[in-house]
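Just below is one structure, and these are the notes that go with it.
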Amino acid sequence: MTQTIILGIESSCDETAAALVCDGQNVLSCAIASQIELHQKYGGVVPEIAARAHIENIIPILRQTIEGASLTPAQIDAIAVANCPGLSPALLIGVTAAKTLAWAWQKPLIAVNHLHAHLQSVMLEQDQDQKCFPAVALAVSGGHTSIYNCTGPLNMELLGRTIDDAAGEAFDKVAAILRLPYPGGPSIEKLAKNGDPKAIKFPRTWLEKGSLNFSFSGIKTAVLYHCRGQDMKGANRVPDMTDQEKADIAASFQAAVIDVLVTKTIWAVEKTAANTILLGGGVAANSALRRHFEETAANLGLNLIIAEKKYCTDNAAMVAALAYHKLKANDTADLSLEPHA
Ligand code: KG4
Ligand code: ZN
């Protein structure tokens with residue numbers, strides 16, 4: 001049987017990444033240049049700095065990926081790139097690199113939605129016979145919190161999404177309130193390990209009855225009120241707090257976010273009658289979130305597929321994985337492809 005090898009490129013935010021993936025599942029090589037250190041002092045990603053770093057990183061990362069798999073361009077079947085959503089100046093670098101290679105090597109070009117690629121990341125290095133569809137899929141990242149009804153890798157119907165902050169954004173903002181380093185998710189997870197998730201009853205925002213939309217700006221504000229006093233007149237007390245107080249805030253915040261994500265995903269399962277849950281995106285790297293989903297799915301007899309931790313945060317293997325299905329469906333782009341936010 002012939003194999004299909006796709007080169008994926010990802011540059012939507014602060015990771016410059018490339019990967020070679022065979023048949024949408026087997027990762028032959030995967031390289032990522034993270035820019036965390038560049039953005040850390042600003043407490044978030046600065047688009048122009050990200051774009052400049054992508055320009056510096058893209059060629060070494062492509063070279064590392066192709067040499068890492070010991071392949072020649074002739075053995076690559078198509079070039080795929082995430083062209084939306086993301087930071088436009090950052091996306092432009094990946095899109096330009098992909099178009100250049102597709103033209104120079106005369107390969108099909110495939111445009112991929114970054115968020116949809118996060119959902120496809122669950123398939124990377126999984127058992128080939130795993131039955132995945134129909135499924136409810138939750139993409140939970142720094143920019144998005146979206147829930148889909150999926151009947152196939154290319155068939156997804158949006159059921160709900162955040163109406164304000166994404167879950168990852170809430171982790172990042174609460175980490176800033178707690179004076180923890182960027183990115184906030186891993187910092188909060190680490191601190192929460194020593195805290196009591198029941199110590200503080202932070203609000204869960206359910207929106208209207210049965211809504212599958214999310215809202216995480218309220219909990220972020222609740223953490224701020226907790227740290228500055230209800231009248232918001234005081235200074236942030238965090239520098240004077242004990243380690244235990246800070247850990248309790250982190251654990252209670254994390255528990256509230258997890259509660260909403262898990263509960264709404266189960267509501268979606270009830271609405272769609274799907275038997276499988278797919279979970280991807282940066283926040284899906286959180287061990288407490290994974291454990292909660294695992295326990296809930298086991299209790300309800302649901303099939304659960306969570307992306308491997310290394311494929312939760314931004315990577316290009318997920319881009320190549322989704323592109324495999326688009327190539328099979330003859331859904332290719334041409335050299336007029338543009339990025340869009
Ligand atoms: O998917 P991703 O790498 O980029 C976007 O597409 O946004 O997600 C990044 C987000 C950040 O907000 C980061 O704080 C969060 O994922 N994140 C985590 C963890 N690791 C990354 N959130 C909670 N727990 C983690 N372990
Ligand atoms: Zn992402």
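The values are calculated or read from the model by the stated rules, or taken from the named source; none is laboratory data. Because the structure is a prediction, the values reported are computed rather than measured. Methodologically, a virtual Cβ is constructed for each residue, glycine included, from the backbone with ideal geometry; neighbour enumeration extends over all protein chains shown. Accessible surface is based on the protein model in full, side chains and every heavy atom, while ligands, DNA and RNA are left aside. Shrake-Rupley method; radii C 1.70, N 1.55, O 1.52, S 1.80 Å.
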Checklist entry - Could you say whether any residue in segment 35-56 is under 23 Å from T72 (Cβ atoms) and at pLDDT 95 or above? => result no
Item to check | One residue from I188, I147 being under 13 Å from the mean Cα position of the chain (by Cα), more than 15 Å from ligand 2 (Cβ to nearest atom) and on the phi < 0 side of the Ramachandran plot | outcome: I147
Next on the checklist: Cβ contacts < 6 Å: first residue closer than 16 Å to C13 by Cα and in the same structural domain as L224 (by TED's automatic domain parsing), restricted to segment 160-186; second residue more than 8 Å from ligand 1 (Cβ to nearest atom) and not in a loop (DSSP other than H, G, I, E, B), any location; separation 6+ or different chain. Result?
Outcome noted: A166/T145; Y182/Q40
Checklist entry - Within the group V136, V122, V81, which residue is away from ligand 2 (no atom under 16 Å from the Cβ) and either closer than 30 Å to V262 by Cα or outside any helix (DSSP H, G or I) (or both)? => result V136
Item to check | Total residues in segment 314-341, condition open to solvent by 70 Å² or more (accessible area, probe 1.4 Å) and within 16 Å of ligand 1 (Cβ to nearest atom) | outcome: 2
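Every residue, every condition in (1) farther than 23 Å from L28 by Cα; (2) away from ligand 1 (no atom under 16 Å from the Cβ), yes or no:
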{"residue": "A98", "(1), (2)": "no, yes"}
{"residue": "A104", "(1), (2)": "no, yes"}
{"residue": "L124", "(1), (2)": "no, no"}
{"residue": "F133", "(1), (2)": "yes, yes"}
{"residue": "L138", "(1), (2)": "yes, no"}
Next on the checklist: Among the residues in segment 18-40, are any among the β-branched types (V, I, T), touching a Leu at 6+ places or on another chain (Cβ under 9 Å) and either buried (at least 24 other Cβ atoms within 10 Å of the Cβ) or part of a strand (DSSP E or B) (or both)?
Outcome noted: yes
Checklist entry - Which residue, of S34, S146, S141, is free of Cβ contacts under 8 Å to residues at least 40 places away in the same chain, assigned by TED's automatic domain parsing to the domain that holds S187 and closer than 24 Å to V283 by Cβ? => result S146
Checklist entry - Do we have any residue at all in segment 262-285 that's at pLDDT below 95 and in a helix (DSSP H, G or I)? => result no
Checklist entry - When A111 is evaluated against the numbered criteria (1) open to solvent by 10 Å² or more (accessible area, probe 1.4 Å); (2) in contact (Cβ under 8 Å) with a residue 12 or more places away in the chain; (3) outside any strand (DSSP E or B); (4) not assigned by TED's automatic domain parsing to the domain that holds N275, which criterion, by number, is the only one it fails? => result (3)
Checklist entry - Can you name the number of the only condition in (1) of a type in the set (A, V, I, L, M); (2) outside any strand (DSSP E or B); (3) open to solvent by 20 Å² or more (accessible area, probe 1.4 Å); (4) under 25 Å from Y182 (Cα atoms) that A53 fails? => result (3)
